[in-house]
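K.L.:
Okay, handing you the structure first.
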Amino acid sequence: MTPRQIVHELDRYIIGQDAAKRAVAIAIRNRWRRQQLAPELRKDVTPKNIIMIGPTGVGKTEIARRLAQLVGAPFLKVEATKYTEVGYHGRDVESMIRDLTEMAIGMVKQEQRVVVETKAKERVNDRLLDLLVPSSNSHDEDAVEEEERQQRTRDKMRARLEAGELEERMVELNVEQRAVPVQIFSNLGMEQMDVDFQSMFEKIMPKQSQQRQLPIREARRILLEQETEALIDRAVVNEKAVELAEDQGIIFIDELDKICGPQSSFGPDVSRQGVQRDLLPVVEGTTVNTRYGPVRSDHILFIAAGAFHLSKPADLMPELQGRFPIRVELTDLKREDFLRILTEPKHALTKQYAELLATEGVMIEFSADGIEAVADIACEVNRQQQNIGARRLHTILERVVEELSFEGPDLPNKHVVIDGPYVRQRLDQIMQKEDLSKFIL
């Protein structure tokens with residue numbers, strides 16, 4: 001996708017913030033450009049990481065998440081505040097690379113499932129026929145005739161099976177029980193151990209299975225899962241997943257401003273400078289050992305975000321600043337933005353509520369002045385109280401349709417128009433309160 005196409009797709013879900021959309025679109029396109037380079041030059045071209053600066057609720061996380069969905073890249077969102085310096089209680093910064101690799105494994109497995117699905121279904125049908133028509137073990141002179149008779153029976157059963165006539169027929173199936181995962185040394189640095197204890201215990205512990213009577217439709221689902229897993233080559237999955245994570249992975253580090261600040265003048269500063277020091281080599285490029293092999297973070301795209309109310313990006317360590325060369329500022333949402341958010345996106349909030357209540361047969365219609373009233377109140381509450389951006393619309397709309405959601409199944413009039421007076425009537429008591437935060441976040 002060209003940068004213009006990426007921005008166009010993002011516009012379907014996110015209103016405004018053109019500077020941020022352009023920055024991430026260019027970053028994604030540069031990945032494709034890097035793949036076209038000669039191998040000796042390609043390894044030296046590193047991604048230009050991005051810092052998004054803006055208040056909560058303006059679309060920072062949504063831009064990164066939608067971007068990963070568009071390009072089919074493994075995407076991981078982490079909070080910078082959950083990590084602490086190595087040696088202290090908390091998560092190791094390198095665990096974000098392990099988590100990203102797990103995401104890539106899941107994506108590659110899903111692709112491989114589609115590849116082997118046809119062959120797996122054929123093997124499932126053969127196994128079902130074996131359950132319906134067990135093979136005979138006779139070795140006498142009539143064995144040939146018996147085999148022909150059994151083959152004819154098998155062919156008839158196959159035809160009925162493929163026609164869906166035997167879905168309720170009961171068969172006896174040997175079902176393996178899922179082993180209970182063994183937890184070892186919980187929260188005591190287990191992430192840093194290279195040995196995969198989980199897989200080791202799964203191999204040591206005997207597999208438990210039991211005979212179950214199941215209808216064929218249920219047995220087919222269980223057998224399909226077993227045959228698909230058997231056909232997928234684990235080594236190929238691991239190799240492709242590591243490559244996908246290294247070349248296409250996107251890590252979104254939220255609340256970067258919470259680990260930003262001056263160095264503590266007394267004692268070890270675990271929550272700020274320590275995390276920055278540990279984060280630096282991961283962003284610069286290092287090799288992290290995972291259960292699927294070593295993963296290099298040189299070409300993973302890091303997108304950091306933060307409100308930076310009490311601090312600024314310049315308060316970060318100079319070395320870490322240098323690894324985030326692109327900085328984009330996301331603007332506060334105005335009344336016009338709220339109006340567009342309520343109507344323009346593919347799955348706008350008003351459309352979501354209309355579809356939810358339509359399942360009960362209640363048809364709600366948002367008039368133009370009703371949407372304007374919601375936007376006006378959201379803008380006013382954000383101005384008077386804490387500015388939480390577009391998330392304010394969730395709380396206000398939930399309050400507006402609260403009665404309809406509760407009374408929906410029993411309403412005599414199934415068609416309701418939500419206009420300006422309706423919205424103000426529902427929110428009038430709230431607006432009269434001096435402390436609005438008691439009622440709207």
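K.L.:
Show the residue pairs that are 6+ apart or on different chains and have beta-carbon atoms under 9 Å apart, the first residue being within region 160-177 and more than 12 Å from LEU214 (Cα to Cα), the second being among the hydrophobic types (A, V, I, L, M, F, W, C) and in a loop (DSSP other than H, G, I, E, B).
P.N.:
Once the first residue is more than 12 Å from LEU214 (Cα to Cα) and sits in region 160-177, its partners that are among the hydrophobic types (A, V, I, L, M, F, W, C) and in a loop (DSSP other than H, G, I, E, B) give ARG160/LEU166.
K.L.:
Which members of region 34-43 meet the condition of being assigned to a loop (DSSP other than H, G, I, E, B) and over 21 Å from ALA23 (Cα atoms)? Steps first, please.
P.N.:
So the first thing to find is which residues in region 34-43 are assigned to a loop (DSSP other than H, G, I, E, B), and the list is 36-38, 43.
Correct list: LEU37, ALA38, LYS43.
K.L.:
Residue check: is ALA378 surrounded by 14 or more Cβ atoms within 10 Å (Cβ to Cβ) and in contact with an Asp or Glu (Cβ under 9 Å, 6 or more places away or on another chain)?
P.N.:
On the way: surrounded by 14 or more Cβ atoms within 10 Å (Cβ to Cβ): yes; in contact with an Asp or Glu (Cβ under 9 Å, 6 or more places away or on another chain): no.
In short, no.
K.L.:
Restricting to region 90-137, give me the number of residues that are within 29 Å of ARG152 (Cβ to Cβ) and either of a type outside the set (A, V, I, L, M, F, W, C) or within 29 Å of the chain's Cα centre (by Cα) (or both).
P.N.:
Taking region 90-137 first, the residues within 29 Å of ARG152 (Cβ to Cβ) are 118-137.
Adding the requirement that they be either of a type outside the set (A, V, I, L, M, F, W, C) or within 29 Å of the chain's Cα centre (by Cα) (or both) leaves 118-123, 125-127, 130, 134-137.
Qualifying residue count, region 90-137: 14.
Per-residue answers, yes or no, for (1) surrounded by 19 or more Cβ atoms within 10 Å (Cβ to Cβ); (2) outside any strand (DSSP E or B); (3) not assigned by TED's automatic domain parsing to the domain that holds GLY54:
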{"position": "ASP298", "(1), (2), (3)": "no, yes, no"}
{"position": "LEU310", "(1), (2), (3)": "no, yes, no"}
{"position": "GLN321", "(1), (2), (3)": "no, yes, no"}
{"position": "PHE324", "(1), (2), (3)": "yes, yes, no"}
{"position": "HIS347", "(1), (2), (3)": "no, yes, yes"}
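K.L.:
Here are some residues: GLU403, GLU329. Which one is surrounded by fewer than 17 Cβ atoms within 10 Å (Cβ to Cβ) and in contact (Cβ under 8 Å) with a residue 60 or more places away in the chain? Can you show your working first?
P.N.:
Working: GLU403 fails: in contact (Cβ under 8 Å) with a residue 60 or more places away in the chain.
On inspection, the qualifying residue turns out to be GLU329.
K.L.:
I've got another one for you. Would you tally the residues in region 326-342 being more than 30 Å from GLU372 (Cβ to Cβ) and not in a strand (DSSP E or B)?
P.N.:
0
K.L.:
While we're looking at this one, here's another question. So, GLU227, is that one part of a helix (DSSP H, G or I) and either touching a Ser or Thr at 6+ places or on another chain (Cβ under 8 Å) or modelled with pLDDT of 85 or more (or both) or not? Let's see the steps before the verdict.
P.N.:
Values: part of a helix (DSSP H, G or I): yes; either touching a Ser or Thr at 6+ places or on another chain (Cβ under 8 Å) or modelled with pLDDT of 85 or more (or both): yes.
So GLU227 passes the test.
K.L.:
Moving on to the next point. When region 242-260 is examined, which residues are found to be closer than 18 Å to GLU329 by Cβ and surrounded by 20 or more Cβ atoms within 10 Å (Cβ to Cβ)?
P.N.:
In the first step, residues of region 242-260 are kept if they are closer than 18 Å to GLU329 by Cβ; the result is 252-257, 260.
The answer is PHE252, ILE253, ASP254, LEU256, ASP257, CYS260.
K.L.:
Quick test of your reading of the structure: ILE418 fulfils all but one of (1) surrounded by 17 or more Cβ atoms within 10 Å (Cβ to Cβ); (2) under 31 Å from the mean Cα position of the chain (by Cα). Name the failing condition by number.
P.N.:
(2)
This table checks each residue for (1) touching a residue at least 24 places away in the same chain (Cβ under 8 Å); (2) not basic (Lys, Arg).
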residue: GLY274; (1), (2): yes, yes
residue: ASP278; (1), (2): yes, yes
residue: ARG291; (1), (2): yes, no
residue: VAL295; (1), (2): yes, yes
residue: HIS299; (1), (2): yes, yes
residue: PHE308; (1), (2): yes, yes
residue: SER311; (1), (2): yes, yes
residue: ALA314; (1), (2): no, yes
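K.L.:
What is the one condition in (1) under 24 Å from GLY285 (Cα atoms); (2) in contact with a helix residue (DSSP H, G or I) (Cβ under 7 Å, 6 or more places away or on another chain) that PRO39 does not satisfy?
P.N.:
Single failed check for PRO39: (2).
K.L.:
For the subset of region 401-426 comprising residues that are within 16 Å of GLU355 (Cβ to Cβ) and in contact with a Leu (Cβ under 8 Å, 6 or more places away or on another chain), which member is modelled with the lowest pLDDT?
P.N.:
That would be GLY408.
K.L.:
If you check ILE63, ILE6, ILE51, which single one turns out to be modelled with pLDDT of 90 or more, touching a strand residue (DSSP E or B) at 6+ places or on another chain (Cβ under 9 Å), part of a helix (DSSP H, G or I) and crowded, with 16+ Cβ neighbours inside 10 Å?
P.N.:
ILE63
The values are calculated or read from the model by the stated rules, or taken from the named source; none is laboratory data. Please read these numbers as outputs of a predicted model, since none were measured by experiment. All Cβ positions, even for glycine, are placed from backbone atoms using ideal geometry, and neighbour counts span all protein chains on display.
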